[in-house]
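> Submitted below is the structure of interest, expressed as structure tokens.
The values are calculated or read from the model by the stated rules, or taken from the named source; none is laboratory data. Everything numeric here is computed off the predicted structure, so don't read it as measured data. No Cβ is skipped: glycine too gets one built from the backbone with ideal geometry, and neighbour counts run over all protein chains shown. To get the accessible areas, we keep the full protein, side chains included, count just its heavy atoms, and leave off ligands, DNA and RNA. Shrake-Rupley method; radii C 1.70, N 1.55, O 1.52, S 1.80 Å.
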Amino acid sequence: MKEIICSMSMFQLLLRASEKCPWIIRNQMLEHGKMWPPNLKGMVMLLMLMILNVSGAFVGINVGTDISNIPSASDIVSILKQKKIQHIRLLNSDHQMLTALANTGIEVMVGVPNDQLLRVGQSRPTAADWINKNVAAYIPATNITYIAVGNEVLTTIPNAALVLVPALQFLQSALLAANLNTQVKISSPHSTDMISKPFPPSTATFNSTWSSIMLQYLQFLKNTGSSFMLNAQPYYDYVRGQGVFPLEYALFRSLNPDSQISDPNTNLFYTNMFDAMVDATYNSMQAMNFTDIPVMVTASGWPWHGAQNEQAANVDNALAYNTNLIRHVLNNSGTPGQSNNQVSTYIFELFNEDLRAGPVSDKNWGIMFPNATTVYTLTFEDMGTTSADSAVLRGTFCVANSSAPPSALKQSLDWACGPGSANCSAIQPGQRCYKSDDIVAVASYAFNDYYHRTQASGGTCNFNSTAMVTSTDPSKPIFSL
């Protein structure tokens, strides 16, 4: 009886800890599990897993490496703490990062890069060595919870397709041998390009070329209780669609009544492309008779800058997409077809990657520059009880472009204070922020007020190319927010 009371007391302590720090439960389970009586160990472990699974969806972020001057690991962790980011995806298993993340509680997804996949998938000892050096050596101090094996393997390096599932199996065996198979889950991220005709979602199926491998992959996920990892990037589908879908649909913005998008087979309405991608994935799995595998989005974002022919890649769209994505994920509403399944998501990405190959936009998905200055500000906390102005745009400002002609600035200022309904009382003659000889400062006040009032409903910081978004606070000395 004393043992039962002690074990239940431990359970109550962990239950209270779970309310604020779920990662503490994991560490306590690993540390104290051996002390539990055999007849209670299974029950307590089950209850702990239930607690860990009721916290709802989370939003994390990708940390890439194709950067010429990447910040130090300690600086990156400081940024994560400052932004209150509790989940990150590393595209590799950088040991300096894993060391810097120790004792932070941040949940970490490590990656087996594509260039290591062949070795891991062809040799069980190599897979075991990878686990020992890159995972087991850092647990429990570093809270590693996922391993992403490769990235979009079937669509980017199809010659390695046959070793993907063996790599998953070898790594899983190594986790089992290290007694880490309940702490760490394994999967492999796939692109939506794997899905043939993703709309309507109800009839979506995986590309039949990969049917055999997908069957093995899905069976692995089901057997191990892992998630289907999906890289969902509406930006690419919007650009490739060339106007088939409205921009508002890609950015989670409200659609006009005449532009509502529905699945004709289910009569489900889709207010955004992200949900349609996720439901297309669920239905593709269902077409292969798998219905109980959750989807986790391992990369989703929007580029903030592109070449002249990449007009959709701009700060307004990037801020709108990621802000609305975070709000959408954290409200735990699921998708039209899977309302009971929350979709945890990793934003792509923390830093711009200037060394990435491809068009200009591919180098500019980050919310920060590598020198740690901000491109635009996001909040990774639940915004359900905060205003769009205070939570979403904190640290982001819309200012006049000083190189714009004064006549164009005057025209934009008149529109902002008139039809745009900006609050321009403080910049009227005789008021505290009026400066008759500084049209840039006065226009910045009006533009910023308009942007903060209307961004959540589709307002932009453009004003016929006379304005721009900045993270530099222009409030001194002309105005304050």
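> Please report, as a whole percent, how much of the solvent-accessible surface of the stretch 112-200 comes from carbon and sulfur atoms (probe radius 1.4 Å). Intermediate results must be reported in sequence, preceding the final value.
On the way: 1880 of 3540 Å².
The nonpolar share, carbon plus sulfur, comes to 53 percent.
> Right, here's the next one. FRET efficiency for Asp258 and Ala312, Cβ-Cβ distance as r, R0 = 22 Å, nearest 0.05?
Numbers: r = 22 Å, r/R0 = 1.00.
Calculated transfer efficiency: 0.50.
> What FRET efficiency would be calculated for the residue pair Thr182, Gln96, taking the C-beta separation as r and a Förster radius of 30 Å, to the nearest 0.05? All intermediate terms of the calculation are to be shown ahead of the outcome.
Values: r = 27 Å, r/R0 = 0.91.
Efficiency, from the Cβ-Cβ distance: 0.65.
> Going by amide H atoms built from the backbone, whose H comes under 5 Å of the H on Tyr270, apart from near neighbours?
Ile261, Ser262, Asp263
> Would you kindly state how much longer the chain becomes between Leu247 and Asp129 on full extension, computed as 0.36 nm times their sequence separation minus their alpha carbon distance, in nm to one decimal?
Details: separation 118, 0.36 × 118 = 42.48 nm, distance 4.68 nm.
Between Leu247 and Asp129, full extension yields 37.8 nm more.
> Just for the stretch 226-378, what percent of DSSP beta bridges are antiparallel, to the closest 5?
Values: 3 of 10 bridges.
Antiparallel bridges: around 30 percent, rounded to the nearest 5.
> Nearest-5 percent of antiparallel DSSP beta bridges in the stretch 166-307?
On the way: 4 of 11 bridges.
The antiparallel proportion sits near 35 percent.
> Please report the antiparallel percentage of DSSP beta bridges with both residues in the stretch 80-216, rounded to the nearest 5. Please list the in-between numbers first.
On the way: 2 of 14 bridges.
Taking every DSSP beta bridge with both residues in the stretch 80-216, the antiparallel ones total about 15 percent.
> Mind jotting down the distance between the C-alpha centroids of the stretch 265-285 and the stretch 184-220, whole Å?
Result: 14 Å between the Cα centres.
> Karplus couplings for the stretch 254-270 from phi (6.51 cos²θ - 1.76 cosθ + 1.60, θ = phi - 60°), rounded to Hz, Gly and Pro as x?
5, 9, 5, x, 7, 10, 4, 10, 9, 8, x, 8, 10, 6, 7, 8, 10
> Continuing with the same structure: If the cut-off is a Cα-Cα distance under 20 Å, which aspartates and glutamates reach Lys81, setting aside same-chain residues fewer than 8 apart in sequence?
Here the aspartates and glutamates satisfying the reach criterion relative to Lys81 are Glu19, Asp94, Glu107, Glu349, Glu381, Asp382.
> Can I ask one more? Run the simple label-point estimate for Lys435 and Val360 please: 7 Å along Cα→C-beta, distance reported in nm.
3.0 nm
> Could you tell me which of rounded, prolate or oblate describes the stretch 291-344, using a ≥ b ≥ c as the square roots of the eigenvalues of the alpha-carbon gyration tensor, with rounded for a/c under 1.5 and, failing that, prolate when a/b is larger than b/c and oblate otherwise?
Values: a/c = 3.48, a/b = 2.37, b/c = 1.47.
Here the stretch 291-344 falls in the prolate category.
> Could you give log10 I(q)/I(0) at q = 0.15, 0.16, 0.23 Å⁻¹ for the stretch 90-193, computed by the Debye formula over C-alpha point scatterers of equal weight, without solvent?
Log10 of I(q)/I(0), two decimals: -0.56, -0.63, -1.21.
> Also: Just grab the label-to-label distance for Asn371 and Gln219, each label 7 Å out from Cα along the Cβ direction, in nm (one decimal).
Output for this residue pair reads 5.5 nm.
> May I ask you to order 351-363, 263-275 by the average number of other C-beta atoms within 10 Å around their residues, highest value first?
The packing order, highest mean first, is 263-275, 351-363.
> Taking the convex hull of the Cα atoms, report for the stretch 52-136 its projected area averaged over all directions, in nm².
On the way: hull surface 27.5 nm².
So the mean shadow area of the Cα hull is 6.9 nm².
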